[in-house]
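Data first, discussion second: the structure below is written as structure tokens.
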Amino acid sequence: MNKNSSNIMALAPNTPNKRETVCIFGTGDFGRALGHQMIQSGYPVVYGSRSTQISNLIPKDAEVLSHAEAAQKAAIIIIAIQRQHYNFLTPLAEILRGKVLVDISNNLKLNQYPESNAEYLAQLLPGSKVVKAFNTVSAWALQSGTLDASRQVFVCGDDVEAKQMVMNIVRALGLTPLDKGSLLAAQEIENFPLQLFPMWKFPIFLSLGLTTFFFLYCLALDVIYTYIYEKNNFSFFIAITIPNRVCPVMALILLALVYLPGIFAAIIQLYRGTKYRRFPDWLDKWMLCRKQLGLIALAFASLHVVFTLVAPLRAFVRWRIGKGIVSQALNNKTEPLDSTTAWISDSYLALGILGFFLFVLLGITSLPSVSNNVNWREFRFVQSKLGYLSLILCTAHTLVYGGKWFLSPSAYRWYLPNIYMLSLVVPCAVLVVKFVLIFPCVDKPLTQIRQGWERNPKYSE
């Protein structure tokens, strides 16, 4: 009993019952929201302001004093003001000496100044301990209890003890501190909130470009061509038919592009005979955004499923079915069931369902809440083995569905191949090269290289 009790006490955090007073310079939106959260977490809060009059916006349990008086009451001072107003701190240098100054400011654009705001503050007040934190959290997130926003708070500073004090405050607010090292990391931390989906730019622009190309391609062949040569107005295809052709094509190509950089990496490593040389920059960036490419591909696949499910509701489909029934009735002839066609239809539907199921499984396992609960081998099995199986099933689904048009002259309008033929180029190339790479004569040396073996060690970098 005593042994267990001692173990429990050893694991318990050593936190004082009464928290230290925290001073906040600045009564703007963020300063007020941060002060409110700190008061709720048990911290006494004192505001340093030019005006000591109590405002209705200030948390009622907080004290408002002049900057000098407020600074004397706390060892930790949060600077919730913009960089251009830092000059008022210079006369307070002696009062702020030895105190922890938490810089939470952001800029309006990337690398706006030669040095970070936190480094500039440290230059102004060399006797203080400057820590960068809280700049990645918004006032709205604090007011909503951080339930609808990221909980990560990047922290950096040159003084380990000061940094630990700030990280304790972060934890007390229900946030997750992430130590980014010395104050040299402040520039990167300040740039972080200004980046708009940095890992999504290439996948989104690539998807938009390919979607536009394939949409115009289908528009030319399915609407413009039929209007010019067949005098049929199929302009309504723009709403459902063409998107339902573009979406599966985009899903299949983007899924293949997820695994294509791995193929390039394997070929480069085999050629070099080592894994200790950096890949080209374009390949590095491509490999880093594979998750985003896969999620966009899943979105296109999901749209394809929805478009397919609503197909029976379309007036054009009902008209075509009714026309076939009336034609059989007028001819007094019922067309027999073609078992070959039925097999092909059921096969490509089954392949599509299985491929989409694995596709969804890949998307689910890419979520942090799921991937954090599996080990590396399990994650790799799902993302690699099941990923390639999904690519095989989706490629087979497209082959079975559109393969009948390969040898049909009517499929080559304006001598251009059908869109389904174009969609098979990249995935088939990926699968063929991957099939070659799994041969023992190729896979064995590649595995040795990835385990550290080098063909020419003296040329390794």
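According to the calculation over all Cα-Cα pairs in the chain, the P(r) per 10 Å bin from zero is 4, 14, 19, 16, 16, 15, 10, 5, 2, 0, 0 %. If you count Lys pairs in the stretch 22-194 whose Cα atoms are under 20 Å apart, skipping same-chain pairs closer than 8 places in sequence, the total is 13. Out of the DSSP beta bridges found with both residues in the chain, what percent are antiparallel (nearest 5)? Beta bridges within the chain, antiparallel portion: roughly 10 percent.
Using the 1.4 Å probe convention, the accessible area of the stretch 22-194 works out to 47 Å² per residue with neighbouring protein chains retained. For the stretch 198-451, the share of accessible area belonging to carbon and sulfur comes to 69 percent (1.4 Å probe, ligands and nucleic acids excluded). According to the Cα-based calculation, Rg over Rh for the stretch 275-371 is 1.24, with Rh computed by the Kirkwood formula. As a rough guide to protection, the peptides 309-322, 213-226, 231-244 ranked by mean Cβ packing within 10 Å, highest first, stand as 213-226, 231-244, 309-322. If you take the alpha carbon atoms of the stretch 198-451 and fit the smallest convex hull around them, that volume is 172 Å³ per residue. Taking amide hydrogens as placed 1.01 Å from N in the peptide plane, the amide H of V64 sits under 5 Å from those of Y47, each at least 5 positions away in sequence or on another chain. The phi-based Karplus calculation (6.51 cos²θ - 1.76 cosθ + 1.60; θ = phi - 60°) puts the 3J(HN,Hα) values of the stretch 278-294 at 5, 6, x, 4, 4, 6, 4, 5, 5, 5, 6, 9, 5, 4, 5, 4, x Hz, whole numbers, x for Gly and Pro. Spatial offset of the stretch 148-186 relative to the stretch 381-436 amounts to 49 Å, using the alpha carbon center of each. A simple count of charges around Y271, restricted to other residues whose Cβ falls under 11 Å of its Cβ and scoring Lys, Arg +1 and Asp, Glu -1, yields +3. Given axes a ≥ b ≥ c from the Cα gyration tensor, I'd like to know whether the stretch 179-277 is rounded (a/c under 1.5), prolate (a/b larger than b/c) or oblate. Note, shape of the stretch 179-277 comes out oblate. Given axes a ≥ b ≥ c from the Cα gyration tensor, I'd like to know whether the stretch 354-428 is rounded (a/c under 1.5), prolate (a/b larger than b/c) or oblate. The shape class here is prolate. Per atom type, the stretch 46-114 shows carbon and sulfur on 49% of its accessible surface, probed at 1.4 Å.
Note on the stretch 110-198: Rg/Rh from C-alpha atoms, Kirkwood Rh, equals 0.97.
Apply the Debye scattering formula to the stretch 22-194, with a single equal point scatterer on each alpha-carbon and no solvent, then give log10 I(q)/I(0) at q = 0.10, 0.12 Å⁻¹. Summing over Cα pairs of the stretch 22-194 leads to -0.33, -0.48. Using the Cα centre of the chain as origin and beta-carbon charges of +1 (Lys, Arg) and -1 (Asp, Glu), tell me which of Q383, P417, V131 is placed farthest towards the positive end of the dipole. Ranked along the dipole, the leading option is P417. Only helical runs count toward this figure. For the chain, summing -39,500 (n - 2.57) over DSSP H runs of n ≥ 4 and dividing by all residues gives -16500 deg cm²/dmol at 222 nm. Taken about its Cα centre, the stretch 22-194 carries a charge dipole of about 200 debye when Lys and Arg each add +1 at the Cβ and Asp and Glu each add -1 at the Cβ. With a cut-off of 12 Å between beta carbons, the residues surrounding L194 carry a summed charge of -1, where Lys and Arg count +1 and Asp and Glu -1. Residues whose amide H comes within less than 5 Å of that of V153, counting only those at least five positions distant or on another chain, are T176, L178 (H built at 1.01 Å from N in the peptide plane).
Projecting the Cα positions of L121, N106, L210 onto the charge dipole of the chain (unit charges on Cβ atoms of Lys, Arg, Asp and Glu, taken about the Cα centre) puts L210 furthest along the positive direction. Just so you know, the averaged projected area of the alpha carbon convex hull for the stretch 412-461 sits at 6.0 nm².
The values are calculated or read from the model by the stated rules, or taken from the named source; none is laboratory data. No experiment lies behind these values; they were computed from the predicted model shown. When we count neighbours, we look across all protein chains shown, and the Cβ atoms used for this are built from the backbone with ideal geometry, even at glycine. In case anyone asks, the SASA skips ligands and DNA or RNA and just uses the protein heavy atoms, side chains included. Shrake-Rupley method; radii C 1.70, N 1.55, O 1.52, S 1.80 Å.
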